[in-house]
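The values are calculated or read from the model by the stated rules, or taken from the named source; none is laboratory data. In this text, all values refer to a predicted model and were calculated from it rather than measured experimentally. Methodologically, a virtual Cβ is constructed for each residue, glycine included, from the backbone with ideal geometry; neighbour enumeration extends over all protein chains shown. The accessibility values were calculated without ligands, DNA or RNA, using every heavy atom of the protein model including side chains. Shrake-Rupley method; radii C 1.70, N 1.55, O 1.52, S 1.80 Å.
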Amino acid sequence: MEILEPLSGDAFAPETTYLNTSGCGLLPRRAVDAIARLAAENAAGTREGAGGFDALAAARASFARLVGVGADRVALGSSVSVHVALIAHSLPAGAEVLAPEGEFSSVVQPFAVRGDLKMRYVPLESLAEEVRPGTALVAFSSVQSVDGRVADLAAVRAAAAAHGARTLLDASQSAGWLPLDAGAYDYTVTAGFKFLTCPRGTSFLTVTEEAQEGLAALHSGWFAAEDLSDNYGPVRALAGTARRYDEPASFLSYHAAAESLAGLEAVGVDAVHAHDLALAGRLRAGLAELGHGVVAPDSAIVAVPGLGGKQPELLRIEPDEVGVGGGTASSSSRHRREAVHSRRRMLRLPPEGSQPCIEAIVRRGAAQTPLLCRSCRQPG
């Protein structure tokens, strides 16, 4: 199997087999170094210690290129739920929000907490056909956090367009491995700390120019001003771009994010996509040999029903049995979910490449515990 050499070698430095990118991606060395440099400058009291706006601009532009929009359509933030709350506030009372059953809470809670919106939940598989003339917004994830299922993105977009509904896509579990045209949706929200390998405290909102017309900049501060020297009293004019929706940035996080995203750009999402799916396919094949079914056959996230309680056994795996340290995983009571991200050092795989490690994991699973993977919650 082809190895993605630009991010191999010393790009990542895990001390264990790491298959938990869907929970939290590893930071590459270049991102860790960026944090250390800025922290040292801050401690030393140098002028650069507070952080620079150039890093914010670099992260914004890099993310924009990765998702196929202009940098002027990207807002920076700290969490998906804050971005979603901004959108939730823009809806009129009584508006219908359509979402998949079991959607991640950050995507639906900001709408539900209002109390005056009509929330309607349907199975993911029938999301497109459930859009109707009264639907104001379809809010959904491209890849379900709970089990890795991939939504029929084209069908949902077509249905929303046919009925005049806006679309909000959460790309947190897909951005970085699944190609995305963010401009095809009114809004997208993305957590940076998963497959984008950014630190926590980074998130991205994209807004089309049309959608921006009805979206108030509720948490705007001085950085939302068109003129950044206009920072006393109410700003005279908001930025004409999506920067008006920026949250106050964590400079440590975004200095690292600029490095992480540049590294991902160097490899390319298409290459990551092909490699991730190949790794996940090998794992699914091994699971099938052991008699285990999986939920999503076309995802980088592998979910297996009924194995959610296996984490303690997985953490007891001996290093010499898989060529690496014990596996990093988390657990809940129902499924096991694993995110097999593509980089060799990210998985800390042996020199032969990725496939031998996956095979060793499956063999070990047959002996004591069915699977080395990351857990997920219901529904299937």
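Can you tell which of Pro297, Pro319 is open to solvent by 10 Å² or more (accessible area, probe 1.4 Å), at pLDDT 60 or above and either among the hydroxyl-bearing types (Ser, Thr, Tyr) or farther than 15 Å from Gly25 by Cβ (or both)? So that I can check it myself, show each step before the final result.
Details: Pro319 fails: at pLDDT 60 or above.
Residue meeting the stated conditions: Pro297.
Hey, Ala237 hits all of (1) in contact with a strand residue (DSSP E or B) (Cβ under 8 Å, 6 or more places away or on another chain); (2) open to solvent by less than 10 Å² (accessible area, probe 1.4 Å) but one; which does it fall short on?
(2)
Evaluate the range 215-231: report whether one residue or more is open to solvent by 10 Å² or more (accessible area, probe 1.4 Å), in a loop (DSSP other than H, G, I, E, B) and closer than 28 Å to Asp270 by Cα.
No.
So how many residues does the range 232-261 have that are part of a helix (DSSP H, G or I) and either more than 20 Å from Thr202 (Cβ to Cβ) or not charged (D, E, K, R) (or both)?
Going through the range 232-261, the residues part of a helix (DSSP H, G or I) turn out to be 242-245, 251-261.
The next check asks that each one be either more than 20 Å from Thr202 (Cβ to Cβ) or not charged (D, E, K, R) (or both); those that pass are 242, 245, 251-258, 260-261.
Matching residues across the range 232-261 total 12.
I'd like the full set of residues that are surrounded by fewer than 22 Cβ atoms within 10 Å (Cβ to Cβ) and of a type outside the set (A, V, I, L, M, F, W, C), limited to the range 167-186.
Pro179, Asp181, Gly183
Only residues in the range 209-222 that are closer than 14 Å to Leu238 by Cβ count as the first member; pair them with residues that are in a loop (DSSP other than H, G, I, E, B) and open to solvent by 50 Å² or more (accessible area, probe 1.4 Å), Cβ under 7 angstrom, at least 6 apart or cross-chain, and list the lot.
Here the result reads Gly221/Pro248; Trp222/Asn231, each pair linking the range 209-222 to a residue that is in a loop (DSSP other than H, G, I, E, B) and open to solvent by 50 Å² or more (accessible area, probe 1.4 Å).
Please indicate, with yes or no, whether at least one residue in the range 6-19 is at pLDDT 95 or above and of a type in the set (D, E, K, R).
At the first step, the residues of the range 6-19 found to be at pLDDT 95 or above are none.
Scanning the range 6-19 turns up no residue that is at pLDDT 95 or above and of a type in the set (D, E, K, R).
It is to be established whether one or more residues within the range 37-53 are among the hydroxyl-bearing types (Ser, Thr, Tyr) and closer than 16 Å to Leu264 by Cβ. Break it down into steps so the answer makes sense when it comes.
The first filter runs over the range 37-53 and keeps only residues among the hydroxyl-bearing types (Ser, Thr, Tyr), leaving 46.
Then drop every residue that is not closer than 16 Å to Leu264 by Cβ, which leaves none.
No, there is no match, as no residue in the range 37-53 is among the hydroxyl-bearing types (Ser, Thr, Tyr) and closer than 16 Å to Leu264 by Cβ.
Answer yes or no as to whether Gly102 is within 23 Å of the chain's Cα centre (by Cα) and over 18 Å from Thr188 (Cβ atoms). It would help to see each step written out before you state the result.
On the way: within 23 Å of the chain's Cα centre (by Cα): yes; over 18 Å from Thr188 (Cβ atoms): yes.
Yes.
Just need a number here: residues in the range 89-132 that are crowded, with 18+ Cβ neighbours inside 10 Å and hydroxyl-bearing (Ser, Thr, Tyr).
Looking only at that region, the number is 1.
I'd like the full set of residues that are closer than 16 Å to Phe195 by Cα, small (Gly, Ala, Ser) and open to solvent by 10 Å² or more (accessible area, probe 1.4 Å), limited to the range 141-166.
If the condition is that a residue be closer than 16 Å to Phe195 by Cα, small (Gly, Ala, Ser) and open to solvent by 10 Å² or more (accessible area, probe 1.4 Å), then Ser145 is the only one that fits.
If you go through the range 65-99 one residue at a time, how many are closer than 16 Å to Ser220 by Cα, within 18 Å of the chain's Cα centre (by Cα) and β-branched (Val, Ile, Thr)?
Result for the range 65-99: 3.
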